[in-house]
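Asker: Submitted below is the structure of interest, expressed as structure tokens.
What follows is calculated from the coordinates using simple rules that are stated; it is not laboratory data. None of the values given here were measured: they were computed from a predicted structure.
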Amino acid sequence: MPAVRGTQEEPADAILPMIADPWMAQISHPTSIKRIWFYLNAPQSCIKYICEIDPLRTPESRRQPLEEGPLGNKEFNERHEDWKGYDYAYKIRSVYELRAPVTLSVMRDRYGFKSAPRSIVFVKDDMKQDFPLYKEIKHRTESLECDEGDNT
């Protein structure tokens, strides 16, 4: 299924299938992505988690380097040989678990998806509206709070 953007340009939400390939590299170019909806492959076959992310970072970019506290960030910033091939990083700002996961059948019947995502696809506007983050289970938040009236 090709990447399809909803009617809104900013911010974009992307569905990312959890596959064996270096999956975060799939979102290395769309800089407008602010939230990733993780599609869990079979046997789950559903979207269960949404993460809000900061913009893409690379060791070569002029953007601010990753803070060195978390494991591996210093090595990533310094291009340590053990991190060869890990060219992209995203700071996760928050993690939400959907109270009612979006199954593949719901994705087909309600939102018009033809099949399970095999690469990055953009979340449709009606799907975003149906799952406001303030109603979901918040597992982690870092400097980001959603007010009860915030649908994004």
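Asker: What is the set of long-range amide H partners of residue 91 at a cut-off below 5 Å, with H atoms built 1.01 Å from backbone N?
Answerer: For residue 91, whose amide H was placed from the backbone, the distant partners under 5 Å are 54.
Asker: Indicate the gyration tensor shape class of region 89-134 (rounded, prolate or oblate), computed on the Cα atoms with a ≥ b ≥ c the square roots of the eigenvalues: a/c under 1.5 is rounded; otherwise a/b larger than b/c is prolate and the rest oblate. Write down the numbers at each step before the final one.
Answerer: Working: a/c = 2.00, a/b = 1.36, b/c = 1.47.
Judged from the Cα gyration tensor, region 89-134 comes out oblate (a/c at least 1.5, b/c at or above a/b).
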